[in-house]
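Chemist: Dropping a structure here in structure tokens format, bear with me for questions.
The values are calculated or read from the model by the stated rules, or taken from the named source; none is laboratory data. This structure is a prediction, so every number in the text was calculated from the model and none was measured. Don't worry about glycine lacking a Cβ; one is built from the backbone with ideal geometry, like all the others, and counts go over all protein chains shown.
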Amino acid sequence: MRFLLRRFGFYCVAAWVAVTLNFFLPRLMPGDPATALFARFKGRLAPEAMDALRQTFGLTHAPLWQQYGTYLGHALRGDFGLSVAYFPAPVAHVIGGGLVWTLFLAGSAVVISFALGTLLGVAAAWWRRGRVDAILPPLLVFAGALPYFWLAMVVLYVLGFTLRWFPLGHAYSDALVPSWSPAFAADVAAHAALPVGTIVIATLGGWLLSMRNTMITVLGSDYVALARAKGLPPARVVLRYAARNALLPSVTGFGMALGFVLGGSLLTEVVFSYPGQGYLLVQAVRNQDYPLMQGIFLVITLAVLGANWLVDVVSLWLDPRIRDAAA
Amino acid sequence: MSAPGAARAAGLAAWWEAIRRDRMAALGAAILAVFALVAVFGPALVGDPQALVGIPLQPPSPQHWLGTTGQGQDVLAQLVAGTRISLSIGFGVGLAVVLVGALVGVAAGYLGGRADALLSLLFNVFLVIPGLPLAIVIAAYLPTGSFTLALVLVLTGWAWNARVIRAQTLSLRQRDFVLAAIVTGESDARIVTREILPVMTSLLVSQVIASTIYSIGAQVGLEFLGLGDVSAVTWGTNLYWAQNDAALLTGAWWTFAPTGLCVALVGFALSMLNAGFDEISNPRLRVERPWQAWLARRGARPARSTPVVREPAADPAAGVGAPEPAGAAR
């Protein structure tokens, strides 16, 4: 429990750093922030939109610490101000619409990639120098070197544009109304297949290699040799004895990988016009919609921090050493 | 350590040996050499990449080997010109990232105590904050350009290196030769630069390579989003314009396929080179190889090797300078 609380405290610090970065970034711009920001928007925005922008950043004439206090208060209440591009919609509202899709996309891609990569890593370590071990790692290292979004472009071009096996973009067909029906679920799955598939291919190699390398070390340890000597069935030795312990570094790496995969999935969304955070983010960049950009950054950061905390809970449950140290 | 010149020459020979012996590392080095040549001499050969030379979106032909872009520029010329800029930013940022990471990591690991606690907190926070969204927000506020891009990439990339180097410094600090240096009254600066950093050379080199892979990928990603200088010709902006000109919907695969392949080839080559260098930093692998060669010469199929259970007495080299296990920093 102490361990989890300490980690929770750490994530709170991380969240505070992110929020504070968000506050100071506009003020780090060369020159006076308010004038610089408003010079860009002059003539493009209605006066009330300019006022909203000023409010969002807390760019008043109050002293800096007071602006900071107001800003923190707003952030705590989930109030990220009004979007410039979607004026007068609040940023929180604009983000909420896309968040589900991003979590669905990145979440399912990470889970599939982790499970598949780990299993393949176990296989590669067990049949070391066998066929799986000789072909898959270099192939997947190459795939991992491909930029996510470029892989997405190629896959979309070949499987979507040329062969017409998959839809060309969006999360579901325009003709359908979102509902909990099997037809809609199938449609969503068909639209998600390509984006999820590309992320899985690009990230599979990392999980495979990390699991393979730990497995090789674990397979050389005495207790595995003993299990084999006792004549236990190979499947039991591999899965119950070796893989269980070899899994720990991968689980620890899971939290770290999340932020990275999320970043990649943002770019993948852009290619597939998938209506998630990445798509919103590009719109925000194109329209110089700073409040929306900052809101997306904060929401994504909080999601990653939360997921990291869950990973801590899981590793506590998996690793008795952490449990003993915490008790 | 009495003859640093000789030691350095021996070190270089070891690197060269590792590349030559490992087929994958040799392949990686060869690919990189080709790209380096293209980056240095290519732009002089292909002419102005921005010149409008033909009808937009023409497929590859004898006049334009890789076709033309949506604006009618030559794709090959753009690719070659982009190689120079993208690779220089990539390697420059890779070096800078490791420099910052080493500075923070060594300081944290060597000083210990409160400084360590503070610096560790700092890089751990930067590790959990997702890099790309942070980079986007920062890049959007700063004036566009190569310098902004490099700054953003360093800012979002240094933390991982700091963490690894701190862990390594912590373990080195307890070694006898460092303790001896402390007892003999050497200054902190000398101990760090003469005793600790040289032992970490292979780790630092492998981190520069890994950071270069990161920085090329992240750079291309940011430019693809339009956060670079879109009027410059780089790999990322090439992809940005391909996407903007609806390359996919018009079937113009030649505007985006070559660029991505180049990014992937460079990344792949760097990974292969890094895997080859593992042998230098990991004596265990170095010992394993001749043993397997010996087995193979006698017609035996190399068995599953279990280097971990080998008797320490038979292998005095193992363990010295072996990298920290992955979870050691926690």
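Chemist: Out of region B:183-215, which residues are farther than 12 Å from B:Val106 by Cα, more than 27 Å from the chain's Cα centre (by Cα) and either in contact (Cβ under 8 Å) with a residue 60 or more places away in the chain or exposed (fewer than 13 other Cβ atoms within 10 Å of the Cβ) (or both)?
Modeler: B:Val183, B:Thr184, B:Gly185, B:Ser187, B:Arg190
Chemist: So which residues in region B:126-145 are touching a residue at least 12 places away in the same chain (Cβ under 8 Å) and of a type in the set (A, V, I, L, M, F, W, C)?
Modeler: B:Phe126, B:Leu127, B:Leu132, B:Leu134, B:Ala135, B:Ile136, B:Ile138, B:Ala139, B:Ala140 - these are the residues of region B:126-145 that are touching a residue at least 12 places away in the same chain (Cβ under 8 Å) and of a type in the set (A, V, I, L, M, F, W, C).
Chemist: Read through the list (1) free of Cβ contacts under 8 Å to residues at least 24 places away in the same chain; (2) surrounded by fewer than 18 Cβ atoms within 10 Å (Cβ to Cβ), then give the number of the only condition that A:Leu239 fails.
Modeler: All conditions are met except number (1).
Chemist: Search region B:130-177 for residues being of a type in the set (Ser, Thr, Tyr) and farther than 19 Å from B:Met200 by Cβ, and hand back the single one that is surrounded by the most Cβ atoms within 10 Å (Cβ to Cβ).
Modeler: Per the criteria, the residue is B:Thr156.
Chemist: If you don't mind, another one. Would you mention how many residues in region B:190-219 are of a type outside the set (A, V, I, L, M) and within 16 Å of B:Ile89 (Cβ to Cβ)?
Modeler: Looking only at that region, the number is 6.
Chemist: Hey, another quick one. Looking at region A:49-89, which of the residues that are of a type in the set (Phe, Trp, Tyr) and modelled with pLDDT under 70 is nearest to A:Phe24 (Cα to Cα)?
Modeler: So the residue we want is A:Phe57.
Chemist: Report yes if A:Arg6 is of a type in the set (Lys, Arg) and at pLDDT 80 or above, otherwise no.
Modeler: So A:Arg6 fits the description; yes.
Chemist: Please verify whether A:Leu204 is surrounded by fewer than 21 Cβ atoms within 10 Å (Cβ to Cβ), at pLDDT 85 or above and more than 13 Å from every other protein chain (Cβ to nearest Cβ), treating the condition exactly as stated.
Modeler: Against the criterion (surrounded by fewer than 21 Cβ atoms within 10 Å (Cβ to Cβ), at pLDDT 85 or above and more than 13 Å from every other protein chain (Cβ to nearest Cβ)), A:Leu204 does not qualify.
Chemist: Do we have A:Val238 as more than 27 Å from B:Val125 (Cβ to Cβ), facing chain B (nearest Cβ under 8 Å) and in a helix (DSSP H, G or I) here?
Modeler: The answer is no for A:Val238.
Chemist: Given the residues B:Leu118, B:Leu127, which is the only one that is surrounded by fewer than 22 Cβ atoms within 10 Å (Cβ to Cβ), among the aliphatic types (A, V, I, L, M), within 14 Å of chain A (Cβ to nearest Cβ) and within 18 Å of the chain's Cα centre (by Cα)? Write out each step before concluding.
Modeler: Numbers: B:Leu118 fails: within 18 Å of the chain's Cα centre (by Cα).
From the options B:Leu118, B:Leu127, the qualifying one is B:Leu127.
Chemist: Between residues in region B:33-49 that are acidic (Asp, Glu) and residues that are in a loop (DSSP other than H, G, I, E, B), which pairs lie under 9 Å by C-beta distance while being six or more apart or on different chains?
Modeler: Short answer, once both residue conditions are applied: B:Asp48/B:Gln73.
Chemist: If you don't mind, there's one more thing I want to ask. A:Ala171 - would you say it is over 30 Å from A:Pro138 (Cβ atoms) and either within 14 Å of chain B (Cβ to nearest Cβ) or crowded, with 18+ Cβ neighbours inside 10 Å (or both)?
Modeler: yes
Chemist: Can you name every residue in region A:262-294 that is facing chain B (nearest Cβ under 10 Å), within 16 Å of the chain's Cα centre (by Cα) and either surrounded by fewer than 23 Cβ atoms within 10 Å (Cβ to Cβ) or touching a residue at least 24 places away in the same chain (Cβ under 8 Å) (or both)?
Modeler: A:Leu262, A:Gly264, A:Ser265, A:Leu266, A:Leu267, A:Val270, A:Gln277, A:Gly278
Chemist: Considering only residues that are touching a Leu at 6+ places or on another chain (Cβ under 8 Å) and crowded, with 22+ Cβ neighbours inside 10 Å, look in region A:146-155 and name the one that is farthest from the other protein chains (Cβ to nearest Cβ).
Modeler: Restricting attention to region A:146-155, the residues satisfying the condition of being touching a Leu at 6+ places or on another chain (Cβ under 8 Å) are A:147-150, A:152-153, A:155.
Next, only the ones that are crowded, with 22+ Cβ neighbours inside 10 Å stay: A:147-150, A:152-153.
Working: A:Pro147: 5, A:Tyr148: 8, A:Phe149: 6, A:Trp150: 3, A:Ala152: 10, A:Met153: 5 Å.
The extreme case among them is A:Ala152.
Chemist: Among all residue pairs at least 6 apart or on different chains, which show Cβ distances below 7 Å where the first residue, located in region A:208-226, is within 17 Å of A:Val141 (Cβ to Cβ) and the second is among the β-branched types (Val, Ile, Thr) and in a helix (DSSP H, G or I)?
Modeler: Qualifying pairs under 7 Å: A:Met211/A:Thr118; A:Met211/A:Val122.
Chemist: Let me ask another. I need the full set of residues from region A:1-26 which are facing another protein chain (nearest Cβ under 10 Å) and not hydrophobic (A, V, I, L, M, F, W, C), in order please.
Modeler: Going through region A:1-26, the residues facing another protein chain (nearest Cβ under 10 Å) turn out to be A:10-11, A:13-18, A:21-22, A:25-26.
Scanning region A:1-26 gives A:Tyr11, A:Asn22, A:Pro26.
Chemist: What residue, among those in region B:234-253 that are surrounded by 24 or more Cβ atoms within 10 Å (Cβ to Cβ) and not hydroxyl-bearing (Ser, Thr, Tyr), is farthest from the other protein chains (Cβ to nearest Cβ)?
Modeler: Here the answer is B:Asn238.
Chemist: Confirm whether A:Thr252 is in a helix (DSSP H, G or I) and either over 26 Å from A:Trp126 (Cβ atoms) or away from chain B (no Cβ under 11 Å) (or both).
Modeler: Spelling it out, it is not the case that A:Thr252 is in a helix (DSSP H, G or I) and either over 26 Å from A:Trp126 (Cβ atoms) or away from chain B (no Cβ under 11 Å) (or both).
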